[in-house]
Amino acid sequence: MSDIKNKIVVKLLLGKAPKRIHAFYIFSILFFYLIIIIVSICLYPEPYSIFNHVSNLGSKSTNPNGYLLWNIGTVILGLLFIPHMIYIHNYFISSSPKLGTINCIIGIISSIGWSFVGIFREDFITAHFITASIAFIGLLITLDLDIIILLKNRSKFKNYIHFRYILVHYILLNLIFIISIILPNLEYFLPDFSSNSPWLSYPPWEWFYFTLLLLLILNLFFLIPEKAKKSDIIN
């Protein structure tokens, strides 16, 4: 029994586990992180809302009771994302070898960046900004490369993937990313513009982007067919 478990763990780490096992893996780590988020919010000393920065949960100065839990969870999640990036690479390698390899490298780098967000919490402003940028922009690029690979090989996947559903999710993710950059800087782009609306600040859009990013990582995996089915299509 222990040998079987060890083989399963090795396959998971190498991104070679069967889809149903990997499905349990990716769902479990995202559910684990959801629990971390909820508990960290509950430990926040003041009423927390989407108008607070995501990173406030990991700051010792703003969340003295829950920052350690949040940061440990963030480090663990980033590391556990790496086998998932390798799994996606192994899945797409026969369809787009070069693009799939670039995608995998960026995915691993962004996963490591995610872990470092937990190490360099918000209190370390410069390091936190750099690692957060690597994590969130890197994952956006990785997910965009995933959809490019799917669209390039659309004829192979058309009977198995709901492209409209995926495209809507991708468009929303990229649109909210752009909005999260523009809105907090409206006064720079429009000097005469003045508004005190919290919806024109960065935090709510950061939360929307953060949520959509995690959901798309989960949804993309569940929407791609079994490897066996894919090989049948290619052959």
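The values are calculated or read from the model by the stated rules, or taken from the named source; none is laboratory data. The model shown is predicted, which means the values in this text are computed figures rather than measured ones. Cβ placement follows ideal geometry from the backbone for every residue including glycine, while neighbour counts extend to all protein chains displayed.
Phe51 fulfils the conditions (1) of a type outside the set (Val, Ile, Thr); (2) buried (at least 16 other Cβ atoms within 10 Å of the Cβ); (3) outside any helix (DSSP H, G or I); (4) in contact (Cβ under 8 Å) with a residue 40 or more places away in the chain except for a single criterion, (2). Kindly evaluate Thr211 against the criterion of being part of a helix (DSSP H, G or I), exposed (fewer than 13 other Cβ atoms within 10 Å of the Cβ) and modelled with pLDDT of 90 or more. Here the answer is no, as Thr211 does not meet what is asked. The set of residues from segment 39-48 being within 23 Å of Leu200 (Cα to Cα) and surrounded by 12 or more Cβ atoms within 10 Å (Cβ to Cβ) comprises Ile41, Tyr48.
Condition first: of a type in the set (Gly, Ala, Ser) and under 19 Å from Asn219 (Cβ atoms). Now tell me which residues in segment 110-134 satisfy that. Steps first, please.
The first filter runs over segment 110-134 and keeps only residues of a type in the set (Gly, Ala, Ser), leaving 110-111, 113, 115, 118, 127, 132-133.
Within segment 110-134, Ser110, Ser111 qualify.
Would segment 73-90 turn up any residue that is among the hydroxyl-bearing types (Ser, Thr, Tyr), on the phi < 0 side of the Ramachandran plot, crowded, with 17+ Cβ neighbours inside 10 Å and more than 16 Å from the chain's Cα centre (by Cα)?
Of segment 73-90, the ones among the hydroxyl-bearing types (Ser, Thr, Tyr) are 74, 87.
From what's left, on the phi < 0 side of the Ramachandran plot: 74, 87.
Now drop any that are not crowded, with 17+ Cβ neighbours inside 10 Å, which leaves 74, 87.
Then keep just the ones that are more than 16 Å from the chain's Cα centre (by Cα); that gives none.
No, segment 73-90 has no match at all.
I'd like the full set of residues that are surrounded by fewer than 20 Cβ atoms within 10 Å (Cβ to Cβ) and under 19 Å from Leu12 (Cα atoms), limited to segment 101-114. Matches in segment 101-114: Thr101, Ile105, Ile108, Ile109, Ile112. Among the residues of segment 9-28, those that are touching a Leu at 6+ places or on another chain (Cβ under 8 Å) and surrounded by fewer than 17 Cβ atoms within 10 Å (Cβ to Cβ) comprise Ile21, Phe27. The numbered conditions (1) without any contact (Cβ under 8 Å) to a residue 60 or more places away in the chain; (2) assigned to a loop (DSSP other than H, G, I, E, B); (3) not acidic (Asp, Glu) are all true for Thr62 except (1).
Let's see how each residue does on (1) among the hydroxyl-bearing types (Ser, Thr, Tyr); (2) under 21 Å from Lys16 (Cβ atoms):
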position: Tyr87; (1), (2): yes, yes
position: Asn90; (1), (2): no, yes
position: Ile105; (1), (2): no, yes
position: Ile108; (1), (2): no, yes
position: Glu122; (1), (2): no, no
position: His128; (1), (2): no, no
position: Leu140; (1), (2): no, no
position: Leu143; (1), (2): no, no
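Of the residues examined, Ile93 is not one that is within 24 Å of Trp205 (Cβ to Cβ), among the aliphatic types (A, V, I, L, M) and in contact with a helix residue (DSSP H, G or I) (Cβ under 6 Å, 6 or more places away or on another chain). Can you say whether Leu77 is closer than 30 Å to Lys152 by Cβ and assigned to a helix (DSSP H, G or I), as far as the supplied structure shows? It is true that Leu77 is closer than 30 Å to Lys152 by Cβ and assigned to a helix (DSSP H, G or I).
Residue count for segment 1-22 satisfying the condition of being closer than 20 Å to Gly78 by Cβ and either small (Gly, Ala, Ser) or in a helix (DSSP H, G or I) (or both): 6. Please verify whether segment 80-99 includes one or more residues that are touching a Ser or Thr at 6+ places or on another chain (Cβ under 9 Å) and aromatic (Phe, Trp, Tyr). Yes, there is a match, as at least one residue in segment 80-99 is touching a Ser or Thr at 6+ places or on another chain (Cβ under 9 Å) and aromatic (Phe, Trp, Tyr).
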